[in-house]
Amino acid sequence: MSKYDALIQEIRYYYSMIYEWHHMNGLKRHKEKLISDQHEQPDDIFFRKYLKFLEQMPYPESADIDSMLLTAKEILSGCMEWSYWQKIKQDFSMCEAAKKIRSTIEQVENETNSNEKIHNLMSLQNLISDSPLEANSLSIPVSRHELNKEKYYEYSRYAYSDVIHIAEIENLGGYVALADTNLEYEERFNWSNREDSHICFRNSKAMNFTQDNSEDTLCALAVSGEISILSVKIGS
């Protein structure tokens, strides 16, 4: 079972607890509470709203995320709030089940958003293939607490993943050059203080990198003095 499926199953478990309690005990308990609080018959607008909501609650097996989240919201501050402190089990109240649903749905949304970001970042092309490489960039929305270098470099490994693994060889030098250069662009635009929180990743073409696949490239650069080779590891 995937993490996503496990989270959905957890949400459905808490929703089924709420559903069963309200359909077995809700009407009786709500009437008792209204009479106790108001000393009159339960015919007010809130009771009628509760009845209507109860009728429309989907079965746990078929309930979607929106329906389960709506039920949690109605318990926390809505037509089902009267049952906030009602005990579903001896040590577990209605509000706890509602809060579990809400927090677990947030986990699902974060997981979904994270997977979507990774998928989009890995679509950024940095190497020349069958078609000419065009300058391109990709912005991803992030939360305020993600606007830091640690999270930036985590995302950058996906944005420049095609450079990291060239012909099954880990090309960390090319990745570091792209990631560091792109970060310089971001810092130039004061990326950590933006009101609309996002990180922009530019591909190699947009940052004026060129790709040279000739075998003697490094040797030629070393001979011309453009780079210095500090050490060499001889392979088999």
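This table checks each residue for (1) part of a helix (DSSP H, G or I); (2) touching a Gly at 6+ places or on another chain (Cβ under 9 Å); (3) over 17 Å from Lys3 (Cβ atoms).
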{"position": "Ala72", "(1), (2), (3)": "yes, no, yes"}
{"position": "Leu76", "(1), (2), (3)": "yes, no, yes"}
{"position": "Arg102", "(1), (2), (3)": "yes, no, yes"}
{"position": "Glu106", "(1), (2), (3)": "yes, no, no"}
{"position": "Asn113", "(1), (2), (3)": "yes, no, no"}
{"position": "Ile118", "(1), (2), (3)": "yes, no, no"}
{"position": "Ser123", "(1), (2), (3)": "no, no, yes"}
{"position": "Ile128", "(1), (2), (3)": "no, no, yes"}
{"position": "Ala135", "(1), (2), (3)": "no, no, yes"}
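Taking the stretch 51-79, which residues are hydrophobic (A, V, I, L, M, F, W, C), more than 25 Å from the chain's Cα centre (by Cα) and under 15 Å from Ser16 (Cα atoms)?
Start the filter on the stretch 51-79 by keeping residues that are hydrophobic (A, V, I, L, M, F, W, C), which leaves 51, 53-54, 57, 63, 65, 68-70, 72, 75-76, 79.
Checking the rest, the ones that are also more than 25 Å from the chain's Cα centre (by Cα) come to 51, 53-54, 57, 75, 79.
Within the stretch 51-79, Leu54, Met57, Ile75 qualify.
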Quick check: is even one residue across the stretch 24-40 out of contact with any helix residue (DSSP H, G or I) (no Cβ under 9 Å at 6 or more places or on another chain), outside any helix (DSSP H, G or I) and among the polar types (S, T, N, Q)? no
Positions within the stretch 107-137 being within 24 Å of Leu183 (Cβ to Cβ) and of a type in the set (Gly, Ala, Ser), in sequence order: Ser114, Ser123, Ala135, Ser137
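Does at least one position in the stretch 104-116 carry a residue that is in contact with a Pro (Cβ under 9 Å, 6 or more places away or on another chain) and closer than 30 Å to Ile11 by Cβ?
So far as the stretch 104-116 goes, yes, one or more of its residues are in contact with a Pro (Cβ under 9 Å, 6 or more places away or on another chain) and closer than 30 Å to Ile11 by Cβ.
When you scan the stretch 183-236, how many residues do you find that are among the hydroxyl-bearing types (Ser, Thr, Tyr), modelled with pLDDT under 70 and assigned to a helix (DSSP H, G or I)? Before the answer, list the steps.
First pass over the stretch 183-236, keeping only residues among the hydroxyl-bearing types (Ser, Thr, Tyr): 185, 192, 197, 204, 210, 214, 217, 224, 228, 231, 236.
Now narrow it down to the ones that are modelled with pLDDT under 70: 192, 214, 217, 236.
Those still in the list that are assigned to a helix (DSSP H, G or I) too: 192, 217.
Result for the stretch 183-236: 2.
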Single unsatisfied condition, Cys95 versus (1) surrounded by fewer than 14 Cβ atoms within 10 Å (Cβ to Cβ); (2) of a type outside the set (A, V, I, L, M); (3) over 30 Å from Ala206 (Cβ atoms): (1)
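The values are calculated or read from the model by the stated rules, or taken from the named source; none is laboratory data. In this text the structure is predicted, and so the values were computed from the model without any measurement. Don't worry about glycine lacking a Cβ; one is built from the backbone with ideal geometry, like all the others, and counts go over all protein chains shown.
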